[in-house]
Amino acid sequence: MKRYAPYIILLVLALLPFLGLSTYMMHIIILMIMWAVIGMAWNLLGGYCGQVSFGHAAFFGVGAYTAGIIYFKLGVSAWWGLPLSVLVVAVEGVIIGFICLRLRGPFFALATLAMGEVLRVTAENLRDFTQGTLGILIKERTWVEKIWYYYIILAIAVLSYVVVKKVIESKLGYYFVAIREDQDAAESLGINTTLYKTIALVISAVLTGLAGAFYTNYMGYIDPEVVFALHDISIITIMIVMVGGVATYWGPAVGAGIMVLLAEWIRSLPRIGTAHQTLFGILLILIIIFLPNGIVGDFSKIKRALAMRRKLDTTT
Amino acid sequence: MTPLLEIKKVSRFFGGLAAVMDVSFQVNQGEIVGLIGPNGAGKTTLFNVINGFYKPSRGDVFFKGKRISGLKPHQICRLGIARTFQVVKPLQRMTVLDNVVASAYLRAKSKKEAVSKAIDILHFTDLYEERDKLSKGLPLGMRKRLEIARALATEPEMLLLDESFAGLNPAELDRSIEIIKKIRDSGITILIIEHHMKVIMSISDRIVVLNYGEKIAEGTPEEVGNNPLVIEAYLGEAASA
């Protein structure tokens, strides 16, 4: 049963648009899947390889701007941004890796955080190239219907899932986890830690960049504040993985589902809506205290707690 | 015949402090060489120099006639020198088997080969029963053996053992001595740091003694045991303690 679970989930997702969901619901689901992609990408580097990045907006933004700029400057379809962003973000990943991966732990985290911010400020000020804070508007939408966007992001999500799973089950996966657990030990066991950390970062960056290129096509408008956002991209990415479960295959997807729903729900509340980030912060603290391995990672713990409740209910 | 490992006038300074000073010795193919000395004598620093964590401030290290000082630890490991750590560094949230598989990948071409090699080594080091446990929960004796297993999985020609016996109970001690002898019999040369005198005297072919970063004696266990300088270094320490 467990072996077929991914296929069953895929089938359900493939048939989902035929349920006649409202456009708004489709929009929410597309966002969930997009965030699942970014979460899975982050999880490869942060969860498995132990290199916690606070700057994934750097890759998301460059992916998004790759699509936006080829449309705006060259007049080609922004969809070409998907394949092209792979190339551009891979190069970016190597460069950022070269700069940041010589640092360890919190220093790496801070360096990546700075990278995201540097790129945001750069995008705001390179007005001739990026239109600065005016942003880039994709004037022609490819489809009015959501269904094709849905299938495209679903395909990207399946690709990401397969890539992450294959990588983790291979030699690379063993090396990534070894580096996470003890970099000096890994190095003395013959693992070229710099090389393998760079590989993890580049794969993670490329998948995030794909999500960014999709975002440009889907939303039709990007500006630096949005796609290079520290809190709305980089930090939310970490939260999604923390909530869902670090270093688990399904954690990012579960986390993405919960966080997107929660964000929409909190925003719709009168008055409290504007404080959604405060509430996210509180949620993160609770998760770290009670479910340090996330919902997927601590699933047995949750089940046990629920079983105990039921027992208490029946006895009283 | 060129020695397997040759340490030539190696010094390592930390600021103004000489942790290792002008140390030279050789290790020949198939030997077990013991490296002893009081606390702070520079033994682990010397290991870190051989293994590539530190570059020597002066002097060179040669392995099979090739200069290795200045290479990165992972390159030195690929050439055939594996080490264990005094403060054990197991990959905590990995199972015992996965710990060994991760290092077997250095020379294995496929996952199947890496896993089967790892299983052989777990049998060899008496850890097979524990293969599915997370290494975080292992008792010290087993973690020390896991360090050895992991080092062996890289198929070294030379093994650097840093206090693999410290903190073991007598039963575990005997088991580990057996394993070391088995490793030597399989053709791997061993350089070992140890405080446990009975162990070092019984398994070493030769012993090198360091004190305050300098080599003060070298020879067979009997020669070293009767050397007045060595006795002074150890008893002097005991008298002032």
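What is the distance in Å between the Cα centres of segment A:8-80 and segment A:112-153?
13
How much length, in nm to one decimal, is gained on full extension between A:F290 and A:T274, taken as 0.36 nm per residue of separation minus their Cα-Cα distance?
Values: separation 16, 0.36 × 16 = 5.76 nm, distance 2.61 nm.
Here the segment from A:F290 to A:T274 would lengthen by 3.1 nm.
Report Rg/Rh for segment A:1-158, rounded to two decimals, where Rg is the Cα radius of gyration and Rh the Kirkwood radius. It would help to have the intermediate numbers written out before the result.
Details: Rg = 18.0 Å, Rh = 17.7 Å.
Reported Rg/Rh, Kirkwood definition of Rh: 1.01.
On average, how much area does the Cα convex hull of segment A:221-266 cover when viewed from any direction, in nm²? Each step should come with its number before you reach the end.
On the way: hull surface 14.7 nm².
The Cα convex hull of segment A:221-266, projected and averaged over all directions, gives 3.7 nm².
Net charge near A:I289, counting Lys/Arg +1 and Asp/Glu -1 over other residues with Cβ under 15 Å of its Cβ? Don't skip to the answer; put the middle values down first.
On the way: positive: A:K301; negative: A:D298.
That works out to 0.
Measuring from centroid to centroid over Cα atoms, what is the spacing of segment A:237-311 and segment A:166-227 in Å?
23
R0 = 22 Å: FRET efficiency of A:L16 with A:R267, Cβ-based, nearest 0.05? Intermediate results must be reported in sequence, preceding the final value.
Values: r = 23 Å, r/R0 = 1.06.
Using R0 = 22 Å, I get an efficiency of 0.40.
At each listed q (0.13, 0.14, 0.19, 0.22 Å⁻¹), what is the log10 of I(q)/I(0) that the Debye formula gives for segment A:35-123 modelled as equal alpha-carbon point scatterers?
-0.45, -0.51, -0.88, -1.10
Can you pull a Stokes-Einstein diffusion coefficient for chain A at 10 °C (1.306 mPa s), Rh from Kirkwood over Cα pairs, as a whole number of µm²/s?
Numbers: Rh = 20.3 Å.
This corresponds to a translational diffusion coefficient of 78 µm²/s.
With each label point set 7 Å from Cα along the Cα-Cβ vector, what nm distance links B:D60 and B:E178?
4.4
Within 10 Å of each residue's Cβ, count the other Cβ atoms and sort A:M40, A:M32 from fewest upward. Let's see the in-between values first.
Values: A:M40 30, A:M32 21.
Neighbour counts put them in this order, fewest first: A:M32, A:M40.
Quick one: if you take sqrt(5λ) for each eigenvalue of the C-alpha gyration tensor of segment B:149-225, what semi-axes come out, biggest first, whole angstrom? Don't skip to the answer; put the middle values down first.
Details: eigenvalues 90, 49, 30 Å².
Taking √(5λ) for each eigenvalue gives 21, 16, 12 Å, largest first.
Please work out the ratio of the alpha-carbon Rg of segment A:100-173 to 2.2 N^0.38 Å and round it to two decimals. Kindly include the intermediate steps, with their values, before the conclusion.
Working: Rg = 18.7 Å, N = 74, 2.2 N^0.38 = 11.3 Å.
This ratio for segment A:100-173 stands at 1.66.
Within chain A, which complete DSSP H helices have Cα atoms spanning at least 20 Å along the helix axis and a mean Kyte-Doolittle hydropathy of 1.0 or higher? It would help to have the intermediate numbers written out before the result.
On the way: long enough: A:23-42 (28 Å, 1.81); A:57-74 (24 Å, 1.34); A:81-100 (26 Å, 2.29); A:105-125 (31 Å, 0.75); A:147-169 (33 Å, 1.59); A:193-219 (38 Å, 1.04); A:251-268 (26 Å, 1.10); A:276-290 (21 Å, 2.37); A:299-315 (24 Å, -0.62).
Membrane-span-like by this criterion, though nothing is claimed about a membrane: A:23-42, A:57-74, A:81-100, A:147-169, A:193-219, A:251-268, A:276-290.
Helix-derived [θ] at 222 nm for chain A: sum -39500 (n - 2.57) over DSSP H runs of at least 4, divide by residue count, nearest 500? Show your work: numbers first, answer last.
Working: 16 runs with 228 residues, N = 316.
Rounded to the nearest 500, the figure is -23500 deg cm²/dmol.
To the nearest 20 Debye, how big is the dipole of chain B about its Cα centre, given +1 on the beta carbon of each Lys and Arg and -1 on that of each Asp and Glu? Numbers along the way, then the final one.
On the way: 33 positive and 28 negative charges, 253 e Å.
Dipole size: approximately 1220 debye.
Percent of Cα-Cα pairs per 10 Å bin, from 0 to the last occupied bin, for segment A:222-316, please list those.
16, 37, 31, 13, 3, 1
Each label point is 7 Å from the Cα along the Cα-to-Cβ direction; what then is the distance between the points at B:N39 and A:H27, in nm?
6.8
Grab the Cα-Cα distance for B:T220 and B:R93, subtract it from 0.36 nm times how many residues apart they are, and report the gain in nm with one decimal. Intermediate results must be reported in sequence, preceding the final value.
Details: separation 127, 0.36 × 127 = 45.72 nm, distance 4.21 nm.
Between B:T220 and B:R93, full extension yields an extra 41.5 nm.
Each value in this text was obtained by applying a stated rule to the coordinates, not by laboratory testing. All values reported here derive from a predicted model rather than from experimental measurement. Note that each Cβ is placed from the backbone with ideal geometry, even for glycine, and that neighbours are counted across all protein chains shown.
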